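Input: a single structure, listed below in structure tokens.
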Amino acid sequence: MKTIDADVVVIGGGSTGAGVVRDAAMRGYKTVLIERADLAQGTSGRFHGLLHSGGRYVVSDPESATECAEENVILKRIQADAIEATGGLFVTTSADSEDFADGYEEACVNARVPVEEISLREAFKREPLLDPGLKRAFAVEDGTVDGWKLVWGAARSAELYGATILTYHSVTKIDHKDGQVSAVYCLDRRTGETVRVGCSFVLSCAGPWGGEIAAMAGCHDVEVVPGAGIMIAMNHRLTQSVLNRCIYPADGDILVPAHPVCIIGTTDHKAGNADILPIPQDQVQQMLDAGEEMIPGFRKSRAIHAWAGARPLVKDSRVSAEDTRHMARGMQIIDHKERDGVSGFLTIAGGKLTTYRLMAERIVDAMCEQMGDKRECRTADEAVPGSTDHRLYTLDRRLNQVETETEAPSGQQIICECELVTRKKLLEVMDGLTDFNLDDVRRQVRLGMGPCQGGFCSSRAAGIAHELENVDAERASELLRNFLKNRWIGLWPILYGQQVRQTALDSWIFLGTLDLEHLPEPATEVI
């Protein structure tokens with residue numbers, strides 16, 4: 001059994017966990033993060049990509065609105081590489097009452113959320129495809145954020161301060177002796193090895209799985225409710241700004257331009273199991289209908305992928321146990337010393353990706369207070385690796401890199417035409433991962449996330465992986481098969497129009513040229 005000694009173990013590799021391991025490491029603690037899959041493979045990578053201005057919550061949750069507005073500014077400063085400052089509009093469509101809009105500007109001012117009501121002429125100048133019956137428009141400072149890039153940026157920063165990041169490790173047990181946490185045990189899912197991490201403090205940032213982690217320490221009935229929602233990506237930007245319906249938060253009222261696509265979201269229903277999140281046909285139709293009300297013709301656009309994510313909501317006794325839409329979005333820290341008599345163990349849940357840094361600061365502050373060891377948080381002042389030049393992401397960045405970093409147009413082989421992923425970039429990512437599957441690579445460079453959904457690039461990527469020393473033919477074939485199987489989960493619910501033709505073409509390519517279903521399989525499962 002492998003053993004590691006640390007001061008602090010952070011469980012969960014989403015945005016909150018990555019923020020916490022960075023914060024604790026920057027305060028000088030020897031810190032280990034344990035994640036059962038890849039970083040940001042759960043909730044933090046399965047949302048619509050909105051960097052909140054705070055405008056969405058000025059009426060329903062003013063405190064969260066203020067936190068979002070303040071963290072929006074901080075994240076643009078310290079994680080510029082992951083953020084595009086698109087700006088946002090709250091719009092009253094022809095289907096909406098103006099009652100909400102009448103008090104909206106005052107609510108923004110009260111919550112200290114920057115806002116300006118703009119003329120309809122200005123709104124249509126910014127977004128020509130808006131509903132012609134538009135009634136009101138308010139400009140806010142929404143943006144878009146790449147959740148994977150944000151999480152990896154925080155993790156890389158933590159590593160520079162000595163933190164250890166263990167991905168694909170599942171926590172199996174949390175030991176405590178005489179009421180004090182002493183160790184966390186986990187299983188390396190790729191090697192089968194058990195790892196013991198000795199520690200004096202555990203910070204659980206496991207999101208919707210927080211209740212299961214708490215139970216491993218004997219702290220039962222921690223009720224973190226998975227609020228599931230679906231999102232759909234359309235094949236190009238129908239809007240350059242984030243669009244929000246100027247109504248009380250509801251299903252399908254946000255349209256986010258993210259990289260070369262745009263994403264409509266989201267629904268909100270209690271999930272029985274955060275690991276099993278269906279994409280129901282009626283919710284797909286609901287999203288297409290909602291998009292139509294903001295952008296007429298939305299239904300006729302090409303949907304290329306759908307997915308579901310689960311928000312970690314702390315059970316709110318003020319609303320029904322099934323009503324996740326109206327449960328509070330604020331963050332909550334559970335002190336298991338007070339609640340369960342287990343010292344050195346805190347759980348955090350709730351909150352939003354936009355406020356992940358603040359959530360990390362508060363739980364590490366709470367840890368320091370319990371340890372009687374006050375150390376200042378510095379995460380708001382130091383940029384993460386890749387963002388030290390403070391240049392915000394722009395849509396044309398990759399095209400500019402391809403055109404200016406080569407002597408001729410064919411100087412860099414383009415592996416993924418939809419997302420402009422070059423062979424050089426792909427090899428850099430593969431070389432930087434000790435072991436990988438193609439979805440790990442996808443989350444780093446957006447491989448196969450455009451209109452063809454990997455139809456052309458995935459086999460090329462598998463071939464490039466095979467050129468590496470530790471990937472034989474059987475493993476390369478399995479990498480490809482797993483990648484396509486995972487893409488299919490988000491394809492079949494939205495198969496209509498042009499995407500049906502694309503999917504049929506992809507199928508003919510893989511079955512006709514590679515006989516994919518009959519390729520040799522590796523001796524061990526590819527994780």
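Taking R0 as 60 Å, what FRET efficiency do you get between ASP5 and PHE124 from their Cβ-Cβ distance, rounded to the nearest 0.05?
Numbers: r = 61 Å, r/R0 = 1.02.
Result of the calculation: an efficiency of 0.45.
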What is the sum of charges, Lys and Arg at +1 and Asp and Glu at -1, for the other residues whose Cβ falls under 15 Å from the Cβ of ILE295? -1
For LYS125, which lysines qualify as cross-link partners when the Cα separation must be under 17 Å and same-chain residues fewer than eight apart are set aside? LYS135
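What length, rounded to one decimal in nm, is gained on full extension from ASP221 through to GLU106, with 0.36 nm per residue of separation minus their alpha-carbon distance? Please list the in-between numbers first.
Details: separation 115, 0.36 × 115 = 41.40 nm, distance 4.03 nm.
My answer for the length gained is 37.4 nm.
Among 286-298, 358-370, 146-158, how do they line up by average Cβ neighbours within 10 Å per residue, starting with the highest?
Details: 286-298: 19.4, 358-370: 21.0, 146-158: 24.2.
So the order, starting with the most tightly packed, is 146-158, 358-370, 286-298.
Explain nothing, just the number: dipole magnitude of the chain about its Cα centre with +1 on each Lys and Arg Cβ and -1 on each Asp and Glu Cβ, in debye rounded to the nearest 20. Don't skip to the end; give the middle numbers.
Details: 56 positive and 77 negative charges, 98 e Å.
Dipole magnitude for the chain comes out near 480 debye.
For segment 1-130, what is the relative contact order in percent, using Cα pairs closer than 8 Å and at least 6 residues apart in sequence?
Working: 109 pairs, mean separation 23.9, N = 130.
In percent, rounded to a whole number, it is 18.
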Karplus (6.51, -1.76, 1.60) ³J(HN,Hα), θ = phi - 60°, over segment 336-352, in Hz, Gly and Pro reported as x: 6, 5, 6, 7, 10, x, 10, 6, x, 8, 10, 10, 10, 8, x, x, 9
Note, segment 392-401: 3J(HN,Hα) by Karplus (6.51, -1.76, 1.60, θ = phi - 60°), whole Hz, Gly/Pro = x, goes 5, 5, 10, 4, 8, 4, 5, 4, 4, 5
Starting from the amide H of LYS173, placed 1.01 Å from N in the peptide plane, find each other amide H under 5 Å away whose residue is 5 or more places distant or on another chain. TYR185
The alpha-carbon center of segment 426-493 and that of segment 246-276 are separated, in whole Å, by 26
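For segment 348-499, take the alpha-carbon Rg, divide it by the Kirkwood Rh, and send me Rg/Rh. Display every interim value, and only then the final one.
Numbers: Rg = 20.3 Å, Rh = 18.8 Å.
With Rh from the inverse mean 1/r over Cα pairs, Rg/Rh is 1.08.
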Under 25 Å from LYS270, Cα to Cα: lysines that are on another chain or at least 8 residues apart: LYS315, LYS352
How big is the C-alpha Rg of segment 85-177 next to the rule-of-thumb value 2.2 N^0.38 Å, as a ratio? 1.77
Taking only the alpha-carbon positions of the chain and ignoring solvent, what does the Debye formula give for the base-10 log of I(q)/I(0) at q = 0.06, 0.13 Å⁻¹? -0.28, -1.39
In 5 Å bins starting at 0, how do the alpha-carbon pair distances of segment 193-343 split up by percent? 2, 8, 16, 17, 15, 13, 10, 8, 6, 4, 2, 0
Arrange the residues GLU141, GLU84 by how much accessible surface each exposes, largest first, with a 1.4 angstrom probe. GLU141, GLU84
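Please tell me the relative contact order of the chain in percent, rounded to the nearest whole number, where contacts are Cα pairs under 8 Å and at least six residues apart. Show your work: numbers first, answer last.
Working: 1130 pairs, mean separation 93.7, N = 527.
After rounding, I find 18 percent.
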Taking a straight Cα-to-Cα line shorter than 23 Å from LYS425, and setting aside same-chain lysines fewer than 8 residues away, one finds LYS149
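What number, in percent, do you get for the relative contact order of segment 117-249 if the mean sequence gap of Cα pairs under 8 Å and at least 6 apart is divided by its residue count? Show your work: numbers first, answer last.
On the way: 121 pairs, mean separation 23.9, N = 133.
18 percent.
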For segment 353-422 and segment 62-84, what is the separation of their C-alpha centers, rounded to whole Å? 13
Using θ = phi - 60° and Karplus 6.51 cos²θ - 1.76 cosθ + 1.60, couplings along segment 269-274 (whole Hz; Gly, Pro as x): 9, 5, 9, x, 9, 5
When only alpha-carbon atoms count, how far does segment 412-527 stretch along each of its three principal axes, as whole angstroms with the largest first? 41, 32, 22
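If packing is taken as the average count of other Cβ atoms within 10 Å, what order do 247-254, 515-522 fall into, highest mean first?
Working: 247-254: 18.9, 515-522: 11.6.
Per-residue mean Cβ counts within 10 Å order the peptides as 247-254, 515-522.
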Using only the Cα atoms of segment 83-135, what do you get for the radius of gyration and for Dmax, in Å? 12.1, 33
For a quick check: with amide H placed at 1.01 Å from N, whose amide H comes under 5 Å from VAL421's, ignoring anything fewer than 5 positions away on the same chain? ILE415, CYS416
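The values are calculated or read from the model by the stated rules, or taken from the named source; none is laboratory data. Since the model is a prediction, treat every value here as computed from it, not as a measurement. All Cβ positions, even for glycine, are placed from backbone atoms using ideal geometry, and neighbour counts span all protein chains on display. For the accessible areas, the whole protein counts, side chains as well, though only heavy atoms, and no ligand, DNA or RNA atoms are used. Shrake-Rupley method; radii C 1.70, N 1.55, O 1.52, S 1.80 Å.
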